[in-house]
Amino acid sequence: MTRAETETTPFPYIVGSGRSGTSLLRAMLDSHPDMAIPNETHFVVSGGRRRGRYERSDGFDIERLVADFGPLISRELRCELVDIRGALSEAEPRTFPDAVRAIFSWYAARRGKTRYGNKSPVHALAMPELANLFPEARFIHIIRDGRDVALSYVDAPVGPQTLEAAALKWRRFVRRAREGGRLVGPGRYVEVRYEVLTQQPEDVLRRVCEFIRLDFDDRMLRYHERVEEAFGGPVPQQHRNLHRPPSRVRDWREQLTPEAVAGVELIAGPTLNELGYGRTPARPSLLLRVTTGRRVVAAEFARTLHGIENRLLGKRSKAGARRTGGSP
């Protein structure tokens, strides 16, 4: 595609809380013969916040971008640093968004495709930033009942390991994504329900394809036949259900105790109501309220501490790079 075509062809971003079906929707769209979507990427927002490091008066600093993010990009896109340098050198980007487009275009071309998209749940927290970076960005927010999400998280090897922490994360991601959707506007944001996607996949996919200006192809409904290709190798344990056609694999009504449901609803209840999922009629006991409150405080403290540790590690990494004369 030409530069003008690249900047006007929709760049879909699949966002949402983890365990909400982002990987399912990604696998479906990636099965389209024209669309390539990596599993997850984490350099776009971070790089965008540092774009001044690369957009220099004497030209775009490819080497600095590769030094900062090359190892991360190579892991996420399963490629070599030489591939990244080659894609950027050929594209001659002027801006950081141009560089991102060049990298994703290379990834799509390597797989014999002409379109690309992005899927990372964490992008639900940065939609206005991404919208400013990419005028062509279109956001597909997939939403799932928070009680099923909490149940799925505690059964997964990654992510929150308690129902309370999972409910907090689901609530934060859904609220932030919906607020981001209001800010970017309806022309650039659409919501998809996981429950509808699993029951009426063709109807939902046709709507999504229209939103991102992609012709519908029924190969998207057979994503489970080529899921290893989409992942570039063995499918991670937490995504093992992608080997079969879409179905509802968990049901909080059958798999959570009434007390566990009440605890999740104490945290996520207003958001569940806002989304139309509703709440159970059970009234939580005073003891459950106190216990849940304590667990919420503990979960929020752990999340804050984790964020502080990550920032400190980042600063130490940069300081070490400066001492050795390298780029951070």
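Please treat every number below as a calculation from the coordinates, not as lab data. These numbers come from a predicted model, not from an experiment. We place every Cβ from the backbone using ideal geometry, glycine too, and count neighbours over all the protein chains shown.
Close amide H contacts of Lys119 (hydrogens built in the peptide plane, cut-off under 5 Å, sequence separation of 5 or more or a different chain): Ile14, Thr41. Annotation note: GluC sites (Glu not before Pro) in segment 33-142 located in DSSP loop regions with a Cβ neighbour count of at most 13 within 10 Å are Glu80.
Among the helices of the chain (complete DSSP H runs), which have Cα atoms covering no less than 18 Å along the helix axis and a Kyte-Doolittle mean of at least 0.0?
Long hydrophobic helices here: 62-77, 96-110, 258-275.
Here the Karplus relation 6.51 cos²θ - 1.76 cosθ + 1.60, evaluated at θ = phi - 60°, turns the backbone of segment 156-161 into coupling constants of 9, x, 10, x, x, 10 Hz, with x for every Gly and Pro.
Positive contributions from Lys and Arg (+1) and negative ones from Asp and Glu (-1), summed over other residues with Cβ under 9 Å from the Cβ of Cys209, come out at 0.
The alpha carbon radius of gyration of segment 151-223, expressed as a multiple of 2.2 N^0.38 Å, is 1.38.
For the chain, adding -39500 (n - 2.57) for each run of n ≥ 4 DSSP H residues and dividing by the number of residues yields -17500 deg cm²/dmol at 222 nm. Out of every Cα-Cα pair in segment 102-241, what percent are more than 22 Å apart? When every Cα pair of segment 102-241 is considered, 49 percent fall beyond 22 Å. Here the chain is assigned +1 on the Cβ of each Lys and Arg and -1 on the Cβ of each Asp and Glu. Its dipole about the Cα centre then comes out at about 1140 debye.
The radius of gyration of the Cα set in segment 257-301, together with its Dmax, comes out at 10.8, 30 angstrom. Note on segment 122-178: semi-axes of the ellipsoid equivalent to its C-alpha gyration tensor, largest first and rounded to whole Å, are 26, 10, 9. Across all directions, the shadow cast by the convex hull of segment 55-159 built on its C-alpha atoms averages 8.6 square nanometres. Taken over the chain, the convex hull of the Cα atoms encloses 138 Å³ per residue.
According to the Kirkwood relation over distinct C-alpha pairs, the hydrodynamic radius of segment 1-98 is 15.1 Å.
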